[in-house]
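Values in this text are rule-based calculations from the coordinates and carry no lab data. These numbers were taken from a predicted model, which means no experiment stands behind them.
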Amino acid sequence: MATIGRYELTAYELYMTVQFLKKRRQLMLQAINQGETPDLEAIEIEINLLNGQLDVKRQELADRLRRAQHIWDAKLLSVEDTQSLKMIYRELVRLLHPDLNPDQTAVEREWFQAAITAYKTGQLQELALLLEIVQLNNQAAEQHEVVMPIEDLQEQGDQLASKIDTLQAEIDHIMTSFPMYLADALQDENYITEQVLRIPTNHATNGET
């Protein structure tokens, strides 16, 4: 399949080259037959338009070649891997088949096509990864997780920043008020001793302190 695909692609690329040459010759002859000098820039514009039309077919052939090469290079699965492949694919069909999920999104339809391709080419790891992605997506949907618009996120960020500034101002006020401004000093034994010595001594009438 890969060998045939390479020949098909090469043959079509040669066909494209021939068509470009024929188109250039046709446009030049038209100008010459009308007694005009061929406008090379206008001719190249026409060639580019033709290239765009023919390149669609070339991309299709290139895709076919890649798929054929992918199948050719794929490793033979063991019996256990084959069973896992079928099991994962059945679960993906249950989760993504359009007949079973009529309200599916465009992304989910793309996932289903990717699952079909991975199954046909025996790509067990890709199929397993796809199943994990689909399951995570379904869990998020069940929890009604919604991605907020950027404007709403910005507004929430501004509100939180304002609240943080207010809290910081309150914290600064508390830290400069009694007794919090003494917090560092109270950890200094010399300061504590000095303050104790400053406390007036009261003498009782019986001579006791």
*Under 13 Å from the Cα of Lys57 - aspartates and glutamates, other chains or at least 8 residues apart*: Glu8, Glu13
_For the range 6-17, Karplus couplings with θ = phi - 60° (6.51, -1.76, 1.60), whole Hz, Gly/Pro x_ = 5, 5, 4, 5, 5, 4, 6, 4, 5, 4, 4, 4
*asked:* Straight-line reach from Lys120: which lysines fall under 19 Å, measuring Cα to Cα and dropping same-chain residues less than 8 apart?
replied: Lys75, Lys86
